[in-house]
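Here, each number is a calculation from the coordinates, and none is a lab measurement. All values reported here derive from a predicted model rather than from experimental measurement. Methodologically, a virtual Cβ is constructed for each residue, glycine included, from the backbone with ideal geometry; neighbour enumeration extends over all protein chains shown.
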Amino acid sequence: MNTKSVSIRRARREDVAAIVALLADDHLGRARERVEDPLPATYYEAFARVDRDSNLQLVVAESEGRVVGCLQLAVLPGISSQGGIRGLLEDVRVASDCRSGGIGEQLVQWAIREAKARGCNLVELLTHASRIDAQRFYKRLGFVASHVGMTVRF
């Protein structure tokens, strides 16, 4: 894949199926996503909520008309850190046949620039403990393991 031809743009409703396919394209996603035709309406409802929220940006990496990556940037105003604004990266994914080609790095670097432009003083992300390759990738980009994450599911 020629990564020079990758463009990053705001996701559109018609990208939802491709985004869900990216989310399902690993050992964790296969268990939690439903890749069906048609997709469950919940995905489109979630997209509409994200799209309406000015503090959220869902973007895709596109190459030759194909969605090959995605991520969501959340801009979180807060009181801590002297009222600092933080950026949170979620759902960073690259199509399995396009990995190791620089697309993920382009997406993350885009998100970091966007977070800075929106006044964030840091960017954080969560990655599952079993995603060892992803952890190596983020460390290579300058991220430091700094938190212990915990989850409660309902």
(request) Return the long-range amide H neighbours of Leu122 (sequence gap of 5 or more, or a different chain), with a cut-off of under 5 Å between placed amide H atoms. (result) Gly87
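Quick one: if the Förster radius is 25 Å, what FRET efficiency do Leu141 and Arg49 give, using the C-beta to C-beta distance and rounding to 0.05? Could you put the intermediate results ahead of the total?
Numbers: r = 29 Å, r/R0 = 1.14.
Between Leu141 and Arg49 the formula returns 0.30.
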(message) What distance in nm separates the two pseudo spin-label positions at Leu126 and Ser96, each 7 Å out from Cα along the beta-carbon direction?
(response) 2.5 nm
(message) Distance between the C-alpha centers of the stretch 21-70 and the stretch 95-140? Whole Å please.
(response) 17 Å
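Can you give the longest stretch of the chain with no exposed loop site, where a site means GluC sites (Glu not before Pro) in a DSSP loop (not H, G, I, E or B) with at most 11 other C-beta atoms within 10 Å? Please report the intermediate quantities before stating the final value.
Numbers: sites that count: Glu36, Glu64.
Counting at most 11 other Cβ atoms within 10 Å as exposed, the longest clean stretch of the chain is 65-154.
Exposed loop trypsin sites (Lys or Arg not before Pro) only (DSSP loop, at most 10 other Cβ atoms within 10 Å): please give the longest stretch of the chain free of them, not including the sites.
On the way: sites that count: Arg34, Arg153.
The segment 35-152 is the longest one with no such site.
Suppose R0 equals 22 Å; then what is the FRET efficiency for Met150 and Ser81 from their Cβ-Cβ distance, rounded to the nearest 0.05?
Values: r = 21 Å, r/R0 = 0.93.
Taking R0 as 22 Å, the efficiency between Met150 and Ser81 is 0.60.
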(message) Rounded, prolate or oblate, given the Cα gyration tensor of the stretch 7-137, with a/c below 1.5 counting as rounded?
(response) prolate
(message) Restricting to DSSP H runs of at least four residues, report the calculated mean residue ellipticity at 222 nm for the chain, -39500 (n - 2.57) per run over all residues, nearest 500 deg cm²/dmol.
(response) -9500 deg cm²/dmol
